Structure formats: structure tokens, C-alpha cells
Amino acid sequence: MFRLKKIDIYIFKRFFTLFLMTFLICIFILLMQFLWKHVAELVGKGIGWSVLAEFFIYAIFSLVPLSLPLAILLASLMTFGNLGENFELTAMKAAGVSLFRIIRPLIIFISLVCIGAFYFSNNVLPVSQTKLWTLIFSLRQKSPEFDIPVGEFYSGISNINIYVRGKEKGLLKNLMIYDYTGGFENATVMVADSGRVQFTADNKYLLLTLYDGESFENLKKQRISNSPSSVPYRRESFKLKEILLDFDTEFNRYDETLLQDQHVSKNITQLTQSIDSVTKIANARGHELGMEIVRHHYLGREYSAEQQLDSLKVDDEQYNSDSLFVSLSQEEMLRATSSAMEKARSMKEQISFNKMMLNEPVMYVRRHEVEWHRKFTLSFACLIFFFIGAPLGAIIRKGGLGLPVVVSVIMFIVYYIIDNTGYKMAREGLWTSFEGMWLSSAILLPIGIFLTYKAVVDATLFNPDHYLKIWNGLKSKLRFKK
């Protein structure tokens, strides 16, 4: 019994070390990809280190759902691949220790990880997602850092382009300014011998002081005739000219309450409450719009709200629409056809409007249902990937970062494609939320069970000689039949 406890500790240490390493590597790789995606919000904005640290921390928390299953898959594959390659797994089995007994401490650990992943997804992830997207929206509105280059146009100010030929002792030399505030066709061009730029005390405006220059303003809106030569303009010479421009250099954060009704910022309880309440609203609105069509547009007739649906029934034996239409004159037929087409168009427009009115609450419910199921699929994916990686490593018997990484990446890409496909199907309403979000688990779970069974019975699943032997046997049978 004591010997088996030592094996448990040994197996756990091997796995935990690799798990921690692969988890940090996965976080780093996904963080670089996330950073590249949002680099435009960070570069050239003059953001402080504290804001950047917040951005990275919230991004790391948001990337855990992708990193955790991949790290478990890679760590379990490497752990049992190393044990198989060093014949340690063979020695344990020869001593009478089954594969399930070997992985028992890891099953307990992964179960705890799954519980922690659910807690993280339900309590930590909504907070981090809210803070991250609030920070991203705030960074998008942050003005770029003010730094006018020499020899090229600076367009960091809205509707203003500035060209500077040189700088000397705090002065900008030989300036050219294009002001498109009034539109491209009513642009104002200013040239100056020199100029100076400074911010106001509240850092919300930019004061541009120009010396010894001229301004040319196109007054196209004030031309009298349509002749191009009659377009007036205004020319002004100045010794000193001051221009006040909007340029808020402060970093203003959005209020996090703006995202409090979004699905990414809610836990299981809040999602359930939102789904129930909005579903009732959507059902009531759909029933009301349907009854409105029946009451006022059914077969082109007008009915009061008090009339029942039974009064709308038509006796087909007493009234035959075809015979009635044929009995009309040609002029009456044309008039009836035109009226029917007009009412059909009106009905189509009404149905399109009703669909638009129902689309918003339906999409709201659908997104919340998808997020509700996502809380559970993360935890279950961790368990599935362990039962794929551990038996696969025991079968392949290759450790290190070579083959295990390749196999893990392929398996994770397959999982990501399937999961993303199910997510889009559920989001667009082609499948139910349950079917779409559990599609990847339904496909990968049988694979994990199959690989676990093959590892327990010591099957040579990836041995090419085994498949070559089967192929030769099939060829010999075919020759014998001929």
C-alpha cells in the first residue's frame, strides 16, 4: 500500500509540473494572439503602465477557458508519453498495477480542476470579461499620443492634417495645415512661417499658435452660379493666429454598468433569470402580433378585436373561390388580382416588421442560453481532454515536445472547429443551444472512451506493422476467393 502511494505522488508530480508549464505556455501564446488583435487600441495612445497591466491581467483571465483544456491535453499526453518511452508504464503494469489505478490520482486532480473551472467560469470570468471589454472600449476612444513628425502629415487630430518641415527650440517651422471640419469640398488651408503647440490646463483642448502666415478657405457653399469658375474663396494674412482644437488627452473610462445586461457579464443565476424573463416577453409579443394579424389581416378582411377565430371559418362547399373568380368580368378580374397583390404585399411587409420586432428578444435569449451552456462545457472539456491525452500518450509512448505537441495541436484544432461550428449554429438559431454547445463534447467523448479502452487492453493502435499485417491478410483472403 505504501509503495502505491509513492507511485501516486510520483505520477502527480510528473503531471503537475508539465501541466503548469504547458498552461503558462498556452496562456502566453494565446495572449500574444489576443494582443496582436487589439494592438491598434494600445499603440500610440500614451497609455500608462498601470492601464497596460490591467489589460494584460484581464486578458489572461479571459483566455483561461481556451488555455485550460489545451494544457490538460498536452500535459497528460507528455506525462504518459514519457512514462511509456522510459518503460516506466510497462514496469508498473508488470507489477500488477492497472492503468486506471495509475491515473487515479490524476482523475481526482482533474475532477477538482473541473470544479474549479466551473467556479471560475461562473464567478470570475464574467467580472474579468466586463472589465476587459470596458477597458477596450475606453482605449478605442482615447486620443493618440500627440507627436507631430517632421516631413510627413500628422492626422492624429480629427479632421485636421498638419505638415511640418522642421523643428527648432520648441517651434514648428514651415507649417501647412488642412482643416476638413466643413467637409472636403470646403477645406481650409493654412500656411505659416512658424508655430507653437500647447495644451490647455484641463488637457481637453489643443492651442495652436501660428506666426506670419496665410489662410485660404474654399466657400463652395456660397457660390452663386453652377460655373466652376464662380466658386468664391477667402484669403487672410495674419501675423498671429490662435486655433483651439478638440484633443482630449485624458484617459476616460467607460462605466462598467454599460455591460451589465450583456451575456458575458452574468453568472448562471443571472443568465437563468434573464432567459426566463425575456422569453416571457418574446412569447407575449409573438402572441400579440399573431393575434393582430388574425384580427385585422386574415384573408384580407377586417375584424374587430371582440370577434372570435371561429367566425373566420369559411364554408368551402357554399363558397368556391375559383368559381367566383371565373364568374367575374375581365375588368373585375384585373381589379381583384391587383387588390389581392396589394394586400399580399402589405401582409409581407407586416410579417417582416413582426419578425424584426421579435428578432431582438429572440437573439437576446439565444445568446444567454449559449453562455449558460458554455459554463458547463468548459469543465466537461477538461475531463474529456484528459481521457484523450492520457491513453493516447500511453499508446504512442513518445515524450518530449515533439510528437505530443503536434498531436495536441491537431486535436485542439479539431475541437475548436467543431465547437465554433456548434456555437455559430446555436447563435443563428439553426440548432438549439443545447445541441450546438454540446456538439464538441458529444463527438470527442466517444473518442476518449475508445482511446481509454485501447490503452487498457494495450492495443497497438498506431503501430504501422499491425495495419500492414491486417492489409496483407485481407489481400491473401481476396486471392484465395479468386
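Residue-wise test of (1) modelled with pLDDT of 75 or more; (2) of a type in the set (S, T, N, Q); (3) farther than 30 Å from Val365 by Cα.
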| site | (1), (2), (3) |
| --- | --- |
| Val264 | yes, no, no |
| Ile268 | yes, no, no |
| Gln273 | yes, yes, no |
| Lys280 | yes, no, no |
| Asn283 | yes, yes, no |
| Val294 | no, no, no |
| Leu309 | no, no, yes |
| Lys313 | no, no, yes |
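In the stretch 275-295, the residues that are free of Cβ contacts under 8 Å to residues at least 24 places away in the same chain form Cβ pairs under 6 Å with partners that are surrounded by 13 or more Cβ atoms within 10 Å (Cβ to Cβ), at six or more places apart or across chains, as follows: Arg295/Tyr303.
A search for C-beta distances below 6 Å between a residue of the stretch 97-111 that is assigned by TED's automatic domain parsing to the domain that holds Ala71 and any residue that is among the acidic types (Asp, Glu), counting only pairs 6+ apart in sequence or on different chains, returns Pro105/Asp8. For the stretch 105-117, the candidate set comprises residues that are surrounded by 16 or more Cβ atoms within 10 Å (Cβ to Cβ) and over 32 Å from the mean Cα position of the chain (by Cα); within that set, the residue that is modelled with the highest pLDDT is Leu106. Could you tell me which residue of the stretch 42-60 is modelled with the lowest pLDDT, considering only residues that are more than 25 Å from Ile417 (Cβ to Cβ), under 23 Å from the mean Cα position of the chain (by Cα) and of a type in the set (A, V, I, L, M, F, W, C)? Across the stretch 42-60, the extreme among qualifying residues is Val43.
The values are calculated or read from the model by the stated rules, or taken from the named source; none is laboratory data. Treat the numbers as computed from the prediction; the structure is a model and nothing was measured. For neighbour counting, all protein chains shown are included, and Cβ atoms are generated from backbone atoms with ideal geometry for every residue, glycine included.
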